[in-house]
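Asks: One structure is given below, represented as structure tokens, and several questions about it will come after.
The values are calculated or read from the model by the stated rules, or taken from the named source; none is laboratory data. If you're wondering where the values come from, they're calculated on a predicted model, not measured in any experiment. A quick note on method: Cβ atoms are made from the backbone with ideal geometry, for glycine too, and the neighbour counts reach across all protein chains shown. Each accessible area value is taken on the protein alone, full model and side chains, heavy atoms only, with ligands, DNA and RNA left out. Shrake-Rupley method; radii C 1.70, N 1.55, O 1.52, S 1.80 Å.
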Amino acid sequence: MLYNRKMIDGKVSFQPNRIYKVKIIICLILAVAAFVTLLLWKLPSGVSRLIICLGAICTFYAVYDFLFKLNLTFIFNQLTREVYQQVPGLYSRKLMSFEEVYFLQEITNGDLCYTISNKKNRFGKNYIISDYFPDTKKGRKRQEQFETEILEILEDMIVTAKAPNI
């Protein structure tokens, strides 16, 4: 499952950035290749510094994406009627209540993504809850998968949570 969706006791949690796993692996391979190159060949100091910088940048990028993007989890809790954003082991914070949630499609650089924002200020602060979907066959397939596996469940959860209060 691309989004690592879990449904337990009225909670739906998912990780929208699982696609970063491939990018992290590529960065780690590049970093290892850079440092191994320095060990195997005697290179001029300017080239060695450049390779060290590239290896360090790749390592930093991989660690940052692993900590703050890959493991980023959104939790929709039907019992408390609130939405949380969590990076396991680092932080957890309440984003908004179900009454404030508004699902919004956003287009950035020609690629579609889904966000949640506050109903009162729909185009203010929003939180990206999906990966970007380019207008390609693969992108449309991933978008359809997100809409059926995640978005429909969240919309149903929000609607059923509001029903008793009407």
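Asks: Loop only per DSSP, at most 12 neighbouring Cβ atoms within 10 Å: give me the trypsin sites (Lys or Arg not before Pro) in region 14-120, ordered by residue number.
Replies: K42, K119, K120
Asks: Can you show me the helix-derived [θ] at 222 nm for the chain, built from DSSP H runs with n ≥ 4 at -39,500 (n - 2.57) apiece and divided by the number of residues, rounded to the nearest 500.
Replies: Working: 4 runs with 63 residues, N = 166.
Mean residue ellipticity, 222 nm, calculated: -12500 deg cm²/dmol.
Asks: Using a 1.4 angstrom probe and counting only protein chains, how large is the accessible area of I107 in Å², to 10?
Replies: Its accessible surface works out to 120 Å², give or take rounding.
Asks: For region 1-28 and region 117-144, what is the separation of their Cα centres, given in Å?
Replies: Result: 15 Å between the Cα centres.
Asks: Excluding residues on the same chain fewer than 8 positions from K23, give the aspartates and glutamates whose Cα lies under 17 Å from its Cα.
Replies: Within reach: D65, D131.
Asks: As an exercise, identify the chymotrypsin sites (Phe, Trp or Tyr not before Pro) in region 1-52 lying in DSSP coil whose Cβ has no more than 11 other Cβ atoms within 10 Å.
Replies: Answer by residue number: W41.
Asks: How high is the relative contact order of region 1-61, in percent, counting Cα pairs under 8 Å that sit 6 or more residues apart?
Replies: On the way: 42 pairs, mean separation 18.2, N = 61.
For region 1-61, the relative contact order is 30 percent.
Asks: What number comes out for accessible area per residue over region 9-166 if the probe is 1.4 Å? Units Å², please.
Replies: That works out to 61 Å² for each residue.
Asks: Using a 1.4 Å probe over the heavy atoms of the protein chains, calculate the carbon and sulfur portion of the accessible area of region 1-126 as a whole percent.
Replies: Details: 4970 of 7810 Å².
That fraction is 64 percent.
Asks: Rounded to the nearest 10 degrees, what's the angle between the helix 137-146 long axis and the longest principal axis of the chain, both from Cα atoms, 0 to 90?
Replies: For 137-146 against the chain, the angle is about 50 degrees.
Asks: Same structure, new question: Classify region 88-141 from the C-alpha gyration tensor, please: rounded if a/c falls under 1.5, else prolate or oblate depending on whether a/b exceeds b/c.
Replies: Working: a/c = 2.67, a/b = 1.53, b/c = 1.75.
Oblate.
Asks: Still on this structure: Given Cα positions, please report Rg to Rh for the chain, the hydrodynamic radius being the Kirkwood one.
Replies: Reported Rg/Rh, Kirkwood definition of Rh: 1.11.
Asks: Moving on. So what is the relative contact order of region 86-148, in percent, for Cα pairs below 8 Å that sit 6 or more residues apart?
Replies: Answer for region 86-148 is 22 percent.
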